[in-house]
Amino acid sequence: MKKLMSLILVAVLALLSACTAAPAETAAPEAKPIIAVCLPSLDNPLMLGFQDAFKGAFGADYDVQVASADGNPNTQATQVENFTAMKVKFMFVMPVESTSLVPKLIAAREAGVSVLVAGGDPGNADAYDGVMMMNQFLAGSFEAWMAKQWVDQTYPDAADSSIETVIFESTLNTEAVARSTGMKMIAEPYLKNVKGEYVDATGKVVDEANKIANPAYSSKVKIVQVVQAEMFQAGQTAMQNALTTNPNVKLVLAYAGDGGMGASQAIMDEVAKGPGVSAIEDINKVAVFGVGMIGPEGAAVLDSATNKTVFRGTIRFGGDLVGRTMEWAGKMLNGEAPGIIYDPLDVVTVVDGKLMGLPVEQSEYFAVPTGQPMEIKLGPPPG
């Protein structure tokens, strides 16, 4: 009997031991691969749009981590280094300052990270798998072409070299010089590239014997001043000075839309002085053009239809920048390495009282657009 009881006790203890034993470990879920989004800041709607779009498009399958450099290039360089050490799968970078970031981007690619840069050419093809950028020379050239159209419509019978013109340029960096060079194509009779080489209608370099006419050239234009001016205040001051030294100026080609609006304001202030005092006799025969439509430029162009401004046209670039970025990010996550991705361009002017954008078919070389303009609907003003 005692032996039987002992066997029962042993069995019960064994059962209790089995019930209280630590459960077997289960495998932890595999961590999602990381997408790193390196932004210059998070203080404007565009940057917040990038943040939300990346999380919305890829958050289900990837760990999307967003870093803001708060405008500090050193902070951004450290963030890129840290993401590289984390072995992220893909990195989107909008540089605060491109040149100093190049070594960090090269190191990221060497570590196996797929890198997409937006906002400008870093200047080294080893620093990216894809770069979304504007063809700056082409943007300037289309500004020149847009201005030439206005000259021909407004001054159909003008003599050669009779339309006094001011160019607001920038020499801040290589890209700024390229855009400024394109703007000056309004005074270049033959088609050239950014290096000053003659090219044919497909952008191929040719010798002088095979040079062709430049569609952006206006023989009526006479450039009387070339000055450095980018932003609004600089453009306004430069225009005030130009009207003092060259009161017969009729045309301004501005490096940036912001500086162009500054020039427009200076002209409107001059017009407000009234007949007999103002250097400007007919506001309809004065125009300012620029590049860029990321703020109030579109509204300013539209207002030129009623002469509330003389900012009569701009070159819009990027299109749906956030949407295009998501498209290319998706392709690169699937293994593509697209290299240079040029931003689409639109020639934006007013037609019959409506803000219209004429699409540029390709962004590799200059060719006169052949499509039809499409109306651009502006959103409500901020605030």
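The values are calculated or read from the model by the stated rules, or taken from the named source; none is laboratory data. Computed from a predicted structure; not experimentally measured. All Cβ positions, glycine included, derive from the backbone under ideal geometry; neighbour counts span all protein chains shown. Note: accessible area is taken over every heavy atom of the protein model, side chains too, but ligands, DNA and RNA are not part of it. Shrake-Rupley method; radii C 1.70, N 1.55, O 1.52, S 1.80 Å.
General observations
- Computed helical MRE - 222 nm, the chain, DSSP H runs ≥ 4 contributing -39500 (n - 2.57), nearest 500: -11500 deg cm²/dmol
- Taking the centroid of alpha carbons for each part, the stretch 261-337 and the stretch 159-227 are 21 Å apart.
- Partners for Lys32 among aspartates and glutamates (Cα-Cα distance below 13 Å; same-chain residues under 8 apart left out): Asp61, Asp63
- Sequence-ordered 3J(HN,Hα) estimates for the stretch 88-102 from the Karplus curve with 6.51, -1.76 and 1.60 and θ = phi - 60° stand at 5, 7, 9, 10, 9, 10, 10, x, 5, 8, 5, 4, 5, 8, 3 Hz, glycine and proline given as x.
- Surface/4 of the Cα convex hull for the chain, nm²: 28.3
- Its relative contact order, with pairs defined as Cα atoms under 8 Å and 6+ residues apart, puts the stretch 97-154 at 27 percent.
- Whichever aspartates and glutamates have a C-alpha closer than 20 Å to that of Lys211, once near sequence neighbours (fewer than 8 apart) are set aside: Glu188, Glu197, Asp200, Glu364
- Of the accessible area of the chain, computed with a 1.4 Å probe over protein heavy atoms only, carbon and sulfur atoms account for 55 percent.
- Summarising the strand pairing of the chain, around 30 percent of its internal DSSP beta bridges are antiparallel.
- Neighbourhood charge, 12 Å Cβ-Cβ cut-off, centred on Leu172 and excluding it, Lys, Arg +1 and Asp, Glu -1: -3
- Close amide H contacts of Gln228 (hydrogens built in the peptide plane, cut-off under 5 Å, sequence separation of 5 or more or a different chain): Glu169.
- Between Lys377 and Gln153, the simple label model (points 7 Å from Cα in the Cβ direction) yields a spacing of 2.4 nm.
- GNM top mover of Glu81, Glu188, Glu208 - the chain, alpha-carbon springs below 10 Å: Glu208
- Chain lengthening between Thr78 and Glu97 when straightened (0.36 nm per residue, less Cα-Cα): 5.5 nm
- For the chain, modelled as a GNM whose springs connect Cα atoms under 10 angstrom apart, the maximal fluctuation among Asp126, Asp258, Asp343 occurs at Asp126.
- Sorting the Cα pairs of the stretch 47-86 by distance into bins of 5 Å, from 0 upward, gives 6, 22, 23, 23, 20, 6, 1 percent per bin.
- Accessible surface computed residue by residue for the chain, with neighbouring protein chains in place and a 1.4 Å probe, gives 50 Å² per residue.
- Measuring between alpha carbons in the structure, the pairs from Lys331/Lys377; Lys192/Lys354; Lys222/Lys308 lying more than 28 angstrom apart are Lys331/Lys377; Lys192/Lys354.
- The stretch 240-292, relative contact order [Cα under 8 Å, separation at least 6], %: 49
- Length gained on full extension, Asn248 to Lys211, computed as 0.36 nm times the residue gap minus the Cα-Cα distance: 10.0 nm.
- Separation of the Glu327 and Thr202 label points, Cα + 7 Å toward Cβ, nm: 2.5
- Relative contact order, whole percent, for the chain stands at 13, derived from Cα pairs under 8 Å and 6 or more residues apart.
- Pairwise label distance in nanometres, Ala107 with Val224, each label 7 Å out on the Cα-Cβ vector: 5.4
- Computed from the Kirkwood radius of its Cα pairs, the Stokes-Einstein diffusion coefficient for the stretch 54-176 at 20 °C and 1.002 mPa s stands at 123 µm²/s.
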